[in-house]
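These notes concern the structure reproduced below.
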Amino acid sequence: MFQTAVTKMLNIKLPIIGAPMFLVSYPELVAAVSEAGGLGTFPTMNYRSIPELKDALFKIKSKTQKPIGVNIVLYKEHNPNWSEQLKVCLDNKVNCIITSMGIPRSVIKEAKSAGAKVFCDVIDIKYAKLTAKAGADALIAVSAGAGGHAGKISPFSLIPYLKDEINIPVIAAGSISSGRQMAAAMALGAEAVYIGTRFIASCESGASEEYKQAIIKAMPEDIIYSKEISGVYANWLKESFDKYKNIETTDLKKWKDIWSAGHGVGQIKNILSVKKIMDDIIQEYKDVTQKMKME
Ligand SMILES: Cc1cc2nc3c(=O)[nH]c(=O)nc-3n(C[C@H](O)[C@H](O)[C@H](O)COP(=O)(O)O)c2cc1C
């Protein structure tokens with residue numbers, strides 16, 4: 001048991017959220033994170049139709065009864081079906097909606113009346129203020145070095161900055177792969193951590209074996225920050241970025257082969273079960289915070 005404002009809000013044991021990852025977070029991974037005491041999540045964009053989304057929620061619910069979250073991109077051009085997806089999630093009692101892009105005003109209203117929480121991805125103060133004003137329950141501070149679409153501000157600045165400027169809980173995202181990094185994020189004022197890249201190299205992730213091995217092999221120097229692939233700045237594994245950056249295709253094949261990861265690859269040495277990853281993170285968190293106590 002490790003209680004913070006975020007664990008209380010979600011009724012979970014540990015302040016660890018398995019971050020939603022396109023083509024990586026499928027029911028096995030989501031359920032494993034929730035079963036281990038965190039919040040498992042996935043992006044609706046993993047599914048091309050509403051029946052597929054319903055089926056995924058059904059599969060997750062058959063593996064765990066614990067709280068889960070779903071990420072919805074609120075940008076019509078990328079995700080034209082978002083309001084239908086929201087309805088399906090709320091009808092299926094999803095506990096937390098995680099929004100990216102767009103102002104989530106109507107989402108927050110609908111989610112709250114269905115009893116769900118709404119967390120919003122932010123990379124700067126302007127958007128953080130807008131989402132907080134719209135009624136977000138917590139902000140996800142997506143810092144420089146995060147896997148996927150990442151911000152430009154160092155977590156050492158972004159987390160305390162958002163915390164001081166905006167009076168709602170902040171969740172730290174970016175390069176958290178170990179208990180040491182989690183302790184640092186909590187010391188900066190975060191109420192939970194959002195972990196993506198570490199879970200790519202887990203037994204339960206939907207990533208291919210080659211992708212998992214590339215994560216283990218990669219060092220922070222192998223991560224490229226570029227908007228060349230998707231039009232929005234994101235972090236990519238150099239090896240796959242060099243291979244695919246010039247290929248003009250938006251199809252799923254390209255997305256399956258282009259691998260995203262954050263600077264947190266530096267701490268990932270092996271493929272482990274989600275439970276073992278989370279147990280190790282919590283053990284290291286306890287050891288390091290104990291060691292830092294003043295005599
Ligand atoms: C392969 C991959 C796919 C991702 N897909 C999404 C997505 O579909 N939606 C989203 O909001 N964030 C996505 N992200 C970002 C994560 O949710 C999260 O912000 C990030 O992984 C945290 O940083 P870390 O990878 O350094 O732990 C993705 C990240 C990765 C690595």
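The values are calculated or read from the model by the stated rules, or taken from the named source; none is laboratory data. The structure presented is a predicted model; accordingly, all values stated were derived computationally and were not measured. For neighbour counting, all protein chains shown are included, and Cβ atoms are generated from backbone atoms with ideal geometry for every residue, glycine included.
Details
- Residues within the range 260-276 that are within 7 Å of the ligand (Cβ to nearest atom) and either among the acidic types (Asp, Glu) or not in a helix (DSSP H, G or I) (or both), tallied: 3
- Any hit, the range 119-140, residues being at pLDDT 95 or above, within 15 Å of the ligand (Cβ to nearest atom), part of a strand (DSSP E or B) and farther than 23 Å from residue 262 by Cβ: no
- Pair list, Cβ under 6 Å, 6 or more apart: the range 216-237 residue touching a residue at least 12 places away in the same chain (Cβ under 8 Å), other residue surrounded by 15 or more Cβ atoms within 10 Å (Cβ to Cβ) and of a type in the set (Lys, Arg): 222/238; 224/238
- Candidates are the residues of the range 193-222 that are touching a Phe, Trp or Tyr at 6+ places or on another chain (Cβ under 7 Å) and not in a helix (DSSP H, G or I); the one that is farthest from residue 18 (Cα to Cα) is 206.
- The residues of the range 104-118 that are among the β-branched types (Val, Ile, Thr) and within 16 Å of the ligand (Cβ to nearest atom), listed by number, are 107, 118.
- Strands (runs of 3 or more DSSP E) (entirely within the range 17-102) containing at least 1 residues that are touching a residue at least 60 places away in the same chain (Cβ under 8 Å), buried (at least 19 other Cβ atoms within 10 Å of the Cβ) and within 14 Å of the ligand (Cβ to nearest atom): 96-100
- Top-ranked residue of the range 146-192 - restricted to ones that are within 13 Å of the ligand (Cβ to nearest atom) and part of a strand (DSSP E or B), ranked as surrounded by the fewest Cβ atoms within 10 Å (Cβ to Cβ): 149
- From the list 194, 225, 211, the one residue that fits, being more than 30 Å from residue 135 (Cα to Cα) and in contact with a strand residue (DSSP E or B) (Cβ under 6 Å, 6 or more places away or on another chain), is 225.
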